[in-house]
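Okay, so here's the structure we're looking at.
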Amino acid sequence: MSEVKLTAESRTEFGKGAARRLRRAHKIPAVLYGHGTDPVHVALPGHATMLALKHSNTLLTLEIAGGATQLALPKDVQRNPVRGEIEHVDLVLVRRGEKVTVDVPVHVTGEPAGDGLTTLELTTLSLLVEATVIPQSVEVSVEGAEEGTQIHAGQIALPEGASLAGDPDATVVIIATGGAAETADQGAPEGDVVEEPAGETAGEG
């Protein structure tokens, strides 16, 4: 996993107006909480934070002006639905050696046998891991898997030091029958014209 250092500034103004002023100054409002402490409201550097949070579960080393350095993980990232810019971040305090529960992306490798099609039922797995060694992904190999194969969470080899926090019986990957997709892809008989009805275009914190 990656670890990124960010300089955080304490903030005392709250509300939508204060948040807009921060964003105009290329900063992101954030709240740091956890370990039974009172929430700490901070402002993060906009561009550096955007780059840091491009990947999930990035460990942040926050150097808070006038305070101690803190380790934190992103808990909730709110983005502008149109522009995709980060508007607010909730951060949770962690300590080195502490175990945390995080959702880690599933990455499928290999090709199934025959015409089998890989269907990913779960895009992430919930794992219990040390906060400073969170894996970037969990790999699931489907190399040579036959049609009808189902791979459950409990069958997946996890990175060293990680344990499954979710349901071991949850289906993660299914190898579907390729022929079903071919049937679905078949259009109208050659020479026939199928007319489609005209569609309609649908149009802070």
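Here are some notes:
- Here P112 clears all of (1) in a strand (DSSP E or B); (2) surrounded by 18 or more Cβ atoms within 10 Å (Cβ to Cβ); (3) more than 18 Å from the chain's Cα centre (by Cα); (4) not aliphatic (A, V, I, L, M) except the condition numbered (1).
- For the range 117-175, a residue qualifies if it is polar (S, T, N, Q) and touching a Lys or Arg at 6+ places or on another chain (Cβ under 6 Å), and exactly one does: T132.
- Scope the range 143-174; condition under 15 Å from H107 (Cα atoms), surrounded by 12 or more Cβ atoms within 10 Å (Cβ to Cβ) and at pLDDT 95 or above; matching residues: I151, H152, A153, Q155, I156, L158, T171, V172, V173, I174
- Considering only residues in the range 1-47 that are hydrophobic (A, V, I, L, M, F, W, C) and under 27 Å from G161 (Cβ atoms), the one that is surrounded by the most Cβ atoms within 10 Å (Cβ to Cβ) turns out to be L32.
- For the range 122-142, filtered to residues that are hydrophobic (A, V, I, L, M, F, W, C) and in contact with a Ser or Thr (Cβ under 6 Å, 6 or more places away or on another chain), the residue that is surrounded by the fewest Cβ atoms within 10 Å (Cβ to Cβ) is L128.
- Test result for V77, part of a strand (DSSP E or B) and β-branched (V, I, T): yes
- Search result, residues across the range 70-85 that are within 21 Å of E9 (Cβ to Cβ) and modelled with pLDDT under 90: E85
- In this structure, L32 does not qualify as in the same structural domain as E85 (by TED's automatic domain parsing) and assigned to a helix (DSSP H, G or I).
- The range 1-29, residues that are of a type in the set (S, T, N, Q) and either part of a strand (DSSP E or B) or over 17 Å from L71 (Cα atoms) (or both): T7, S10, T12
The values are calculated or read from the model by the stated rules, or taken from the named source; none is laboratory data. Every value quoted in this text rests on a predicted model; they were computed, and no experiment measured them. Ideal geometry is used to build each Cβ from the backbone, glycine not excepted, and the neighbour counts take in all protein chains shown.
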